[in-house]
Structures are given as C-alpha cells and as structure tokens.
1. Which Cα, out of Gln125, Gly151, Phe115, lies furthest along the positive dipole direction of the chain (beta carbon charges, K/R +1, D/E -1)?
2. Take the chain, connect every pair of alpha-carbon atoms lying under 10 Å apart with a spring to form a Gaussian network, then pick out the residue of Ser156, Ser70, Ser121 with the largest mean-square fluctuation.
3. Could you give me D for the stretch 15-136, from Stokes-Einstein at 10 °C and 1.306 mPa s, where the hydrodynamic radius is the Kirkwood radius over C-alpha pairs? Units µm² s⁻¹, please.
4. Could you size up the charge dipole of the stretch 87-155 around its Cα centre, putting +1 on the beta carbon of Lys and Arg and -1 on that of Asp and Glu, and report it in debye to the nearest 20?
5. Compute the Cα gyration tensor for the stretch 88-146, then decide on rounded, prolate or oblate, letting a ≥ b ≥ c be the square roots of its eigenvalues: rounded whenever a/c is under 1.5, prolate when a/b is larger than b/c in the other cases, and oblate in all that remain.
6. Just to confirm, what accessible area per residue do you get for the stretch 25-176 at 1.4 Å probe, in whole Å²?
7. Between the alpha-carbon centers of the stretch 34-50 and the stretch 127-176, tell me the distance in whole angstrom.
8. Could you identify which residue out of Asp103, Asp139, Asp164 has the top mean-square fluctuation in a GNM of the chain using Cα springs shorter than 10 Å?
Amino acid sequence: PLSDADCAEAAEQLQDSFATRLNVYRTMAHNPALLAAWAPLRQHVVIDNALGPQLSEVAILRTGHRLGSSYEWAQHVHRARACGMGDSRINKIRGPLEHMRKDDATVARAVDELFYEKRLSPHTQQALVDLVGTAGLFDVIATVGFYTTLGYILNSFDTPLDADIAQALRDTPFDP
C-alpha cells in the first residue's frame, strides 16, 4: 500500500474517498488510472447493488474464501458483523452448501459455479432471479468479478489487513 503522501499524489482526484481508506485501494493506487476507473463500479457493486447488505456479504465472503484471500475474508467478516450477521452464519459461508441458510446457499452456489464452471447454470440463474431479481442476478456476477480482481491484487502483493480491522478482530475474535 502507498503511504498517505504517496497515495495523495497518486489518487489526487479521489482524495477523502474510499481510495485512501483501505489498504487494497492504497495498493491499487500504484495505477491511478485504474483506481479512478474503479470508483464508479465500486459505487455500484459495493453500495448500490440489488443484493442488500447481507447477501452481498455472502457473495464477497464466498469469493474471498475461494480465492484464499485472508484480507478479503477478515475485512468482510468485520463488514458482515456490522450488517447484523453472526459468526456462526459467517463461518458456514466457507463450508458445504447444505450447512447454510437457503438464501446464503443460493448465492454461494452461484459463486462456486462462476469459479469452477465459469458460468451459471440455468437452475442457479432462476434461483437467483427468484431470490434477488434479474438485477440481483447480474449483481452477483459483477460482485464475484469485482472481488476476484481485488483478491488477485491482494494476494499478489501480500497487502496487509488494515490496522483498524485487525484491531477490531483482536478485540472481538471471530468465534464460529
């Protein structure tokens, strides 16, 4: 991750935004044009998606788990807790589908299919449409793609977890 001074220069147009708050974006700031282009997509995928906070976190956590990204997993354990998800539910997201809530399993199955089959089956597409609508179906695909890219960056550069998230997890350890 770039320092405050270096990040300020690299992401001048994004000052006081998401770009300077998280180590993943401070790492991405080595390519300011990419970071600037990333901003509008991030707004939709992270904030304005059709999944709602909890199902969005299910998609992100399962993606982080599939990528083996300890940063994404820890960051989103923290965010999942903040939107009302308990540790037991969060932990189940990295396990077998049959141990999850039905809605969580639908989203997790979609993540798995995208990782392993490189597409969604007609059955999973219909299950997602029934759960979150057509916009939500596309938002699941976009979320997996978005967080896969972030995971590749994080894993490639061994980006450290943000200090505040690490401290929060030390203060309240993940206890599935």
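The values are calculated or read from the model by the stated rules, or taken from the named source; none is laboratory data. Note that this is a predicted model, so its numbers are computed, not measured. No Cβ is skipped: glycine too gets one built from the backbone with ideal geometry, and neighbour counts run over all protein chains shown. We work out accessible area using only protein heavy atoms, side chains counted, and drop any ligands, DNA or RNA first. Shrake-Rupley method; radii C 1.70, N 1.55, O 1.52, S 1.80 Å.
1. The residue sitting most towards the positive pole is Gln125.
2. Evaluated over the chain, the most mobile residue of the options is Ser156.
3. Values: Rh = 15.4 Å.
Estimated diffusion coefficient is 103 µm²/s.
4. Values: 8 positive and 9 negative charges, 20 e Å.
So the dipole magnitude of the stretch 87-155 works out to roughly 100 debye.
5. Values: a/c = 1.66, a/b = 1.40, b/c = 1.18.
Prolate is the answer for the stretch 88-146, as a/c is 1.5 or above and a/b outweighs b/c.
6. Values: 7250 Å² over 152 residues.
Value returned for the stretch 25-176: 48 Å² of accessible area per residue.
7. With the stretch 34-50 and the stretch 127-176 each reduced to a Cα centre, they are spaced 13 Å.
8. Fluctuation is largest for Asp164.
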